[in-house]
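Structure first, commentary second.
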Amino acid sequence: MKKFFAILILCVFVTTGAFASILQVGPAANINFNATKAESEVDSLKDFNKYQFGAEARVNLFFLQLGANGLVSLPDKNGNWAVNSMLSANLVAGPKLVNLSFGAAIPYVFGFGPDASEITPNSFLEQELMLKAGLNFNLAFVGLGVSYYIPTGLAAKNVVSDIQKMKIDFDRGQLSLAVMFNLF
């Protein structure tokens with residue numbers, strides 16, 4: 001029985017290594033989730049106004065992962081909706097089968113609707129920098145990524161000069177789930 005599991009694990013690693021991907025694309029979903037009040041937030045998972053749906057793409061180069069996603073939020077009570085995009089750069093640790101990623105992301109919002117002037121895009125580097133932690137599972141042609149984005153309170157352009165002013169805000173965190181298809 002031990003030999004069977006050893007062979008099975010070896011087959012999974014060989015298959016994953018043979019088909020490990022440089023480029024991954026797939027559907028994604030985000031939810032605004034307060035990690036400090038996780039027990040009370042579980043019931044709020046039923047509120048679809050907190051969700052955003054769209055697509056994600058990643059380029060993996062050795063231990064570096066560059067990602068981009070585009071997510072559409074559901075319209076609010078005033079009929080406003082937004083396309084939320086995010087660019088991220090991450091360091092990846094672990095084997096290709098299961099790995100952890102840590103990095104930073106910059107969101108960018110395009111607003112639409114009657115009150116769009118309230119949610120129009122700003123300059124890219126004036127957006128708030130977010131920290132990202134992720135867990136990725138890769139099995140041959142398909143991968144699953146679970147990430148948590150944490151706002152820092154700093155504009156991306158001011159990170160180096162104002163690093164001491166960073167305030168991690170778990171109350172505004174975002175949980176992300178992506179099913180990734182490995183292309184190359």
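The values are calculated or read from the model by the stated rules, or taken from the named source; none is laboratory data. Quick caveat, the model's predicted, so the values are computed rather than measured. Neighbour counts are summed over all protein chains in view; Cβ atoms, including those assigned to glycine, are modelled from backbone coordinates with ideal geometry. Areas reflect the complete protein model, heavy atoms only, side chains present, ligands, DNA and RNA absent. Shrake-Rupley method; radii C 1.70, N 1.55, O 1.52, S 1.80 Å.
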- Could you list, in sequence order, all residues of the stretch 155-167 that are aliphatic (A, V, I, L, M) and either part of a loop (DSSP other than H, G, I, E, B) or surrounded by fewer than 19 Cβ atoms within 10 Å (Cβ to Cβ) (or both)? ALA155, VAL159, VAL160, ILE163, MET166
- Message: Among the residues of the stretch 33-83, what is the count of those that are at pLDDT below 90, open to solvent by 30 Å² or more (accessible area, probe 1.4 Å) and closer than 18 Å to GLY111 by Cα?
- Response: 11
- Note on the structure: From the option list PHE170, PHE141, PHE102, PHE124, single residue qualifying as surrounded by fewer than 15 Cβ atoms within 10 Å (Cβ to Cβ), modelled with pLDDT under 90 and under 17 Å from GLY67 (Cβ atoms) is PHE124
- Just one of (1) under 21 Å from PHE137 (Cβ atoms); (2) modelled with pLDDT under 90; (3) more than 13 Å from the chain's Cα centre (by Cα); (4) open to solvent by less than 60 Å² (accessible area, probe 1.4 Å) trips up ASN30, so point out which. (3)
